[in-house]
Amino acid sequence: MAEQQASTYEQLPPNPETATLDGRNKYLGFWFFLGGETVLFGSLIGTYLGLRAGTADGPGPADLFHLDLVFIMTMILLTSSLTSVMAIINMKRGSHKKLLGWMWGTVILGAAFLGFEIYEFYDYYQQGLGFGTSAFSSAFYALVGTHGAHVLFGILWISTLLIRYRNSGITLTNAPKFNTAVLYWHFIDVVWVFIFTVVYLLGIGG
Amino acid sequence: MKHFWRLLPLSFILLLSGCGAENMSALNPQGPVAEMQFSLIALSLYIMIFVLFVVFAIYIFVLIKFRERPGDTHIPKQVHGNRTLEIVWTTIPIILLLMLAVPNVMDTFTLANTEIEQEEAEIEEENGEENGDDAPGSVSDQEAITIEVNAHQFWWEFEYKDYEFTAGQDMYIPTDTQVNIELISDDVQHSFWVPALAGKQDNVPGITNEMWLEAPEEGVYNGKCAELCGASHWLMEFKVVAVDQGTFDDWVDGMTEPPEESIEPTNEVAADGREVFEDSCISCHAVGDEGGQQGPDLTNYGERQVLAGYLDHEDEKLEAWLRDTEEYKPDNEMPSFSEDEIDDEEMDALIEYMNSLKVLEED
Amino acid sequence: MSTAQTGSKNVIWDWLTTVDHKKIGILYLAGGAFFFVLGGIEAILMRIQLMFPEFTFLGAQTFNELLTMHGTTMIFLAAMPLLFGFMNFIIPLQIGARDVAFPFLNALGFWLFLFGGLLLNVSWFTGGAPDAGWTAYVPLSSESAGQGLDYYLLGLQVSGLGTLIGGINFLVTVINMRAPGMSMMRMPLFTWSSFVASMLILFAFPALTIGLLLLMLERLFGGQFFAVDFGGNVIIWQHLFWIFGHPEVYILILPAFGIFSEVIPTFAKKRLFGYSAMVFATLIIGFLGFMVWAHHMFTVGMGPVANAIFAVATMAIAVPTGIKIFNWLLTLWGGRIRFTTANLWALGFIPSFVMGGVTGVMLAVSAANYQFHDTYFVVAHFHYVIIGGVVFGLFAGAYFWWPKMFGYRLNETMGKWFFWLFLIGFHLTFFVQHFLGLLGMQRRVASYLEGQGFGDMNFVSTMGAFLMSIAFIIFLISIFTSKKNTENVNDPWDGRSLEWTTTSPPLHYNYPQTPLVRGLDAFWLEKYEGDGRMKAAEPLGDIHMPNPTILPIVISLGLTIASFGFIYLVYWLIFVGLGITFGAMFIRSVKEDHGHHIPVDEIKRDLEEG
């Protein structure tokens, strides 16, 4: 793919991610995809709200959740969104190096979030909350687990892009890819804010 | 009834009513609930036939008038549309739908209100007091009774909450009395439907649904399960037996305390049958207080309309059913009994005993 | 930039790797037709079983499997893919584009649908198909024995993913790929209604995805979402299913409405009456489609408030639908109506669908619905709207666009036999079912008892079903016997929209020069107010097209293998399958494919030949 290297940053338009029809299609298509994802998480959150009182004989939200841990996780994820914003700003400025740097920051923070989440699940499991313990536990793991799976996919996706394009410079081909990956990352961040509110804050407060 | 829209579709009530079997047709309502639903059906049909008439008239006219005739090569005028027409055919349907929506909303609330009869009775009572009239209330002032209907794969259990006993398959109700029904299920979702008396409500696991019905006339009404519940869904029928208050009271007495003959038969063959029953049946089926609850209560088996929910009440049918339940109701829970378990002689005794299980006085 | 790709000579390889929207459209039609025949056979088997009371042609368990598979197949694997076939083939042509926005995803969507559908049908050979109805209500479905329901869950999950991808593809195509001058309010109604249907797919299918996921977790991994003893709730499934399920019926009917809106103006030689009202009504139907799902649940005990609200909302849908019916009638008014087979289907649709529509309003009357619900009245209603609406639409579309797609016209005489026999058979089958329901016959029954008075009408109904089958066989024969009708296929009906400006079948790049659109009914405009040719929006030049690829089929295959792993809980198989899928996605992501250019000389050669 030597031809990719030909386009250096002086030739790039100000918004390389939507400069081609292909890029515009990806951008719009991805927005639609996120619309579908919203319904997906909406359904999961609705299910969770319907079942969160169904703890049977197992432990309930108030017995389990420690807000301090979840708060740290939330901060990590919010920060990872911030680093990805910095990455895109640098991409538009044409700085390939800084783009990669900030994006790696996002990946590392995402991995840290995932680590905390695994620890969290392990902890709940130790306290007697298996997946099949109650309707509440099933709904909780399904919702938070689906979000976690999205985070994992995002980490793998962004890492692939970072490795694949480590030497390529910013091009009209890879700019839309970085852009959509960051859009995706913001989306799972926003979803987490909802989960934080509906599952954790409501679980402890309500 | 008292609302004007119920008079509107009178012609269609006349046209449609009487359609189908008297004990099993939504078009041949036998009680106030089914009547209310039927008049809504008729009203909606009335409006809809008007709509059909208008559409079909325009349609047929257009097809005849504007069909291509041989040799015709003119290019029709390319009309954009017509705002007035759009407004017309938006407004008129809205009006028609409102005519339907208003009575529907009112009836929906009426049908969900299981305390309606009590309320009406109370109002009548108050009015009576005001008028200084001491006469007792009319027939429909009978206090409502409550039956909890537990649907099983593939049979029905009726718990009479006011009297604390359980009946299987045949639901006896007194005429002219509001019957409040609480619907539950322990296995899968079912739906309780007696077309001639009331539309259906579902038996949903984990939820108790409520409805009510009333039968002014004595009779045996067919009931069905209307929600797919497994292989024998289509055989999950039951009967609603409406009897006069006196008979109902007798029946209740018999069900609460079955005749001595049902527990310790004096007839020798029946006594043998009782032994077989105690060996093989009583762990799941009850007669009186004795027996399990896994299967239908058999206290009044001898008076059942049908057996196994649908088979003719004959000795041969009962034997065939007991020998091979899977053949007659696939996937049901009841075991079959081979000749090794119950030999022919014992079977005859059992059938004799079961036929003797009656709670109402013979006429 | 371009990596020139010479077309492979192997025909099968060519179809397996195609990303051409026209070929994918034909694949969808072929796949959909296969499942349509399958679903039809299932229906006939059920109708034979119901021909006589207490008939023992089929066992009750088999019957339950057939009714489940008939519904699932017809909705997910026949009606929707067949519509997708037309949408794929026609939408890019109608908006003057050379392909869809995401050719790769388009191919992926098809293969996912096909593999999901085949996966579902494998269940017939592995110990029993799903048996809990296409609605798969819990706990019947969560406790159903064997693997049938697992095939249902995985099969629908895979094919549903394909549908979602297809929906997003159409949305972006319509927004981004329109030719110069083709503003939104100049788009043909078929494109418009497909656009709205795609919107519904986007927002409805994820609810199904979650429903299926939860049921899968419940059945295979010990979840307790629907287990009452563990605090679960069975109604949640019904909500999730119908939040998807009700928009789904509009996903089916809206494109069919679009087809009628193309066919009727063409054969009345008149512009569609009230174009903007039609667009508006389509949007309103799409919006209201999301507000009414609970009218499928009037009897589960939602309470009178919810029932009343959903009843009124449901009735409201009748208003925009009525607007459409009257606009079609007024399109015919003053026209010069030609009774071609395509138009016969459209004209047969109007009364048939209106009959289904009015029973729909009757069903919306919640208090009366307690009588209608889960009876043959409902069966009659939805077959009137789905056959009278969607299937008639598909047949209208087939006769209308067949010359464009395959370069020959279907025999009109056979077509008319097909139409009349099918129409009579259809009404014979389903009209009596209204009365069966009201007289007390509940739906999804494997048989009915003697002496309940259902025998005669069921017999009539079965005869009607036979008639429909015979009619359909005539259609199938005519596909093969009509191949010589190749004269006058480019614009056989005096068409109005852009697809009729191309050759039949169109060149693989559709338009040598992107057309310039000057108004609604662009081609009609040029024919009757211009010189009969489309103006070009660009000079003749090289055309950029996407490369064929085998990856979509590999991705789909991987998911199918993983699905078997889930169904039988073989963990290594899950990893192998997902490994194949993600591996192929990885290759797709890493190996940049920039498509190829068709040199201008080749285009000139094509033009001379054409």
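Since C:Phe475 meets every condition but one in (1) surrounded by fewer than 16 Cβ atoms within 10 Å (Cβ to Cβ); (2) modelled with pLDDT of 95 or more; (3) not hydroxyl-bearing (Ser, Thr, Tyr), which condition does it not meet?
(1)
Among the residues of segment B:49-57, is any free of Cβ contacts under 8 Å to residues at least 60 places away in the same chain, closer than 23 Å to B:Thr91 by Cα and crowded, with 19+ Cβ neighbours inside 10 Å? I'd like the intermediate steps shown before the answer.
Residues of segment B:49-57 free of Cβ contacts under 8 Å to residues at least 60 places away in the same chain: B:49-57.
Still in the list and also closer than 23 Å to B:Thr91 by Cα: B:49-57.
Next cut, crowded, with 19+ Cβ neighbours inside 10 Å only: B:51, B:55.
Within segment B:49-57 (the criterion being free of Cβ contacts under 8 Å to residues at least 60 places away in the same chain, closer than 23 Å to B:Thr91 by Cα and crowded, with 19+ Cβ neighbours inside 10 Å), the answer is yes, since at least one residue qualifies.
Can you tell me which condition C:Ala364 does not meet? The list is (1) in contact with a Pro (Cβ under 7 Å, 6 or more places away or on another chain); (2) more than 7 Å from chain B (Cβ to nearest Cβ), and all the others hold.
(1)
Suppose we filter segment B:179-204 for residues that are buried (at least 24 other Cβ atoms within 10 Å of the Cβ), over 18 Å from C:Tyr370 (Cα atoms) and at the interface with another protein chain (Cβ under 8 Å from one of its Cβ atoms); how many remain?
Qualifying residue count for the region: 1.
Going by the conditions given, is A:Thr38 at the interface with chain C (Cβ under 9 Å from one of its Cβ atoms) and in a loop (DSSP other than H, G, I, E, B)?
Values: at the interface with chain C (Cβ under 9 Å from one of its Cβ atoms): yes; in a loop (DSSP other than H, G, I, E, B): no.
For A:Thr38, the condition - at the interface with chain C (Cβ under 9 Å from one of its Cβ atoms) and in a loop (DSSP other than H, G, I, E, B) - is not met.
Can you go through C:Ile90, C:Ile41 and tell me which one is surrounded by fewer than 24 Cβ atoms within 10 Å (Cβ to Cβ) and more than 14 Å from chain B (Cβ to nearest Cβ)?
Working: C:Ile90 fails: surrounded by fewer than 24 Cβ atoms within 10 Å (Cβ to Cβ).
None of the others qualify; the one that does is C:Ile41.
When you look at B:Glu217, is it surrounded by fewer than 22 Cβ atoms within 10 Å (Cβ to Cβ) and at pLDDT 95 or above, yes or no? Break it down into steps so the answer makes sense when it comes.
On the way: surrounded by fewer than 22 Cβ atoms within 10 Å (Cβ to Cβ): yes; at pLDDT 95 or above: no.
So B:Glu217 fails the test.
Please go through segment B:262-273 and give me each residue that is of a type outside the set (A, V, I, L, M) and touching a strand residue (DSSP E or B) at 6+ places or on another chain (Cβ under 9 Å), ordered by number. Step through it out loud before you land on a result.
Looking only at segment B:262-273, we keep the residues that are of a type outside the set (A, V, I, L, M), and these are B:262, B:264-268, B:272-273.
Passing the criteria: only B:Ser262.
If C:Gly222 satisfies every condition in (1) buried (at least 23 other Cβ atoms within 10 Å of the Cβ); (2) small (Gly, Ala, Ser); (3) at pLDDT below 95 but one, which is the exception?
Unmet condition: (1).
Just wondering, is there one or more residues in segment B:236-254 that are of a type in the set (A, V, I, L, M, F, W, C), outside any loop (DSSP other than H, G, I, E, B), under 25 Å from C:Tyr448 (Cα atoms) and at the interface with chain C (Cβ under 9 Å from one of its Cβ atoms)?
Within segment B:236-254, the first condition is being of a type in the set (A, V, I, L, M, F, W, C), and the residues that meet it are B:236, B:238, B:240-243, B:248, B:251-252.
Filter again for outside any loop (DSSP other than H, G, I, E, B), leaving B:238, B:240-243, B:248, B:251-252.
Checking the rest, the ones that are also under 25 Å from C:Tyr448 (Cα atoms) come to B:238, B:240-242.
Those left that are additionally at the interface with chain C (Cβ under 9 Å from one of its Cβ atoms): none.
No.
Anything in segment C:209-219 that is buried (at least 24 other Cβ atoms within 10 Å of the Cβ) and at the interface with chain A (Cβ under 9 Å from one of its Cβ atoms)? List them, or say none.
Selection gives C:Ile210, C:Gly211, C:Leu214, C:Glu218.
Among (1) under 26 Å from the mean Cα position of the chain (by Cα); (2) under 27 Å from B:Asp186 (Cα atoms), there is one condition B:His313 misses while meeting the rest; what is its number?
(2)
What is the residue count in segment B:248-292 for residues that are touching a helix residue (DSSP H, G or I) at 6+ places or on another chain (Cβ under 8 Å), crowded, with 18+ Cβ neighbours inside 10 Å and without any contact (Cβ under 8 Å) to a residue 12 or more places away in the chain?
0
Looking at C:Met534, C:Met585, C:Met545, can you tell me which residue is within 30 Å of C:Thr502 (Cβ to Cβ), surrounded by 14 or more Cβ atoms within 10 Å (Cβ to Cβ) and without any contact (Cβ under 8 Å) to a residue 40 or more places away in the chain?
Values: C:Met585 fails: within 30 Å of C:Thr502 (Cβ to Cβ); C:Met545 fails: without any contact (Cβ under 8 Å) to a residue 40 or more places away in the chain.
On inspection, the qualifying residue turns out to be C:Met534.
Could you figure out which of (1) surrounded by fewer than 21 Cβ atoms within 10 Å (Cβ to Cβ); (2) more than 19 Å from C:Ala79 (Cβ to Cβ) isn't true of C:Gly245?
Of everything listed in (1) surrounded by fewer than 21 Cβ atoms within 10 Å (Cβ to Cβ); (2) more than 19 Å from C:Ala79 (Cβ to Cβ), C:Gly245 misses just condition (2).
Taking segment C:443-482 only, how many residues are over 26 Å from C:Glu65 (Cβ atoms), over 26 Å from the mean Cα position of the chain (by Cα) and of a type outside the set (Val, Ile, Thr)?
Counting residues in segment C:443-482 that are over 26 Å from C:Glu65 (Cβ atoms), over 26 Å from the mean Cα position of the chain (by Cα) and of a type outside the set (Val, Ile, Thr) gives 3.
If we keep just the residues of segment C:163-196 that are free of Cβ contacts under 8 Å to residues at least 60 places away in the same chain and within 14 Å of chain A (Cβ to nearest Cβ), which is surrounded by the fewest Cβ atoms within 10 Å (Cβ to Cβ)?
C:Ile175
Give the residue, chosen from B:Glu148, B:Glu159, that is closer than 17 Å to B:Ala112 by Cα and more than 14 Å from every other protein chain (Cβ to nearest Cβ). Full working, then the answer.
Details: B:Glu159 fails: closer than 17 Å to B:Ala112 by Cα.
After applying the criteria, what remains is B:Glu148.
Criterion first (touching a residue at least 40 places away in the same chain (Cβ under 8 Å), closer than 17 Å to C:His434 by Cβ and either more than 7 Å from chain C (Cβ to nearest Cβ) or surrounded by fewer than 18 Cβ atoms within 10 Å (Cβ to Cβ) (or both)) does B:Asn23 satisfy it? Before you say what the answer is, go through the steps one by one.
Numbers: touching a residue at least 40 places away in the same chain (Cβ under 8 Å): yes; closer than 17 Å to C:His434 by Cβ: no; either more than 7 Å from chain C (Cβ to nearest Cβ) or surrounded by fewer than 18 Cβ atoms within 10 Å (Cβ to Cβ) (or both): yes.
So B:Asn23 fails the test.
Among the residues of segment A:124-143 satisfying the criterion of being free of Cβ contacts under 8 Å to residues at least 24 places away in the same chain and within 17 Å of A:Thr47 (Cβ to Cβ), which is surrounded by the most Cβ atoms within 10 Å (Cβ to Cβ)?
A:Tyr141
The values are calculated or read from the model by the stated rules, or taken from the named source; none is laboratory data. These numbers were taken from a predicted model, which means no experiment stands behind them. Counting neighbours? That spans all protein chains shown, and the Cβs are built from the backbone with ideal geometry, glycine included.
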